[in-house]
Amino acid sequence: MDIILKVIDLGHLIEQFRRKAVGPNDVLELSNEDMISLGVTTIGQKIRLFRACRNYLNEGNK
């Protein structure tokens, strides 16, 4: 998850994702409120995060 966040310029949120134990599989199921609680607040950030996690998982990573 750290690499995904860094690549999409959300590296400042790594600790928050670690604390709440959120991984790429989890991101695809998060509500808008969950995203906001993790610090992902803009539509662009959400789109980039969903896309990056989906791509990561489609490449065979779990």
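Laboratory data are not the source of any read-out in this text; all were calculated from the coordinates shown. None of the values given here were measured: they were computed from a predicted structure. Heads up, the Cβs are rebuilt from the backbone with ideal geometry, glycines too, and the neighbour counts pull from every protein chain shown.
Within the range 13-62, count every residue that is in a helix (DSSP H, G or I) and either over 13 Å from Asp2 (Cα atoms) or in contact (Cβ under 8 Å) with a residue 24 or more places away in the chain (or both).
The qualifying residues number 28.
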Original post:
Here are Ile3, Ile14, Ile43: which of them is of a type in the set (A, V, I, L, M), surrounded by 14 or more Cβ atoms within 10 Å (Cβ to Cβ) and out of contact with any Gly (no Cβ under 6 Å at 6 or more places or on another chain)?
Top reply: Ile14
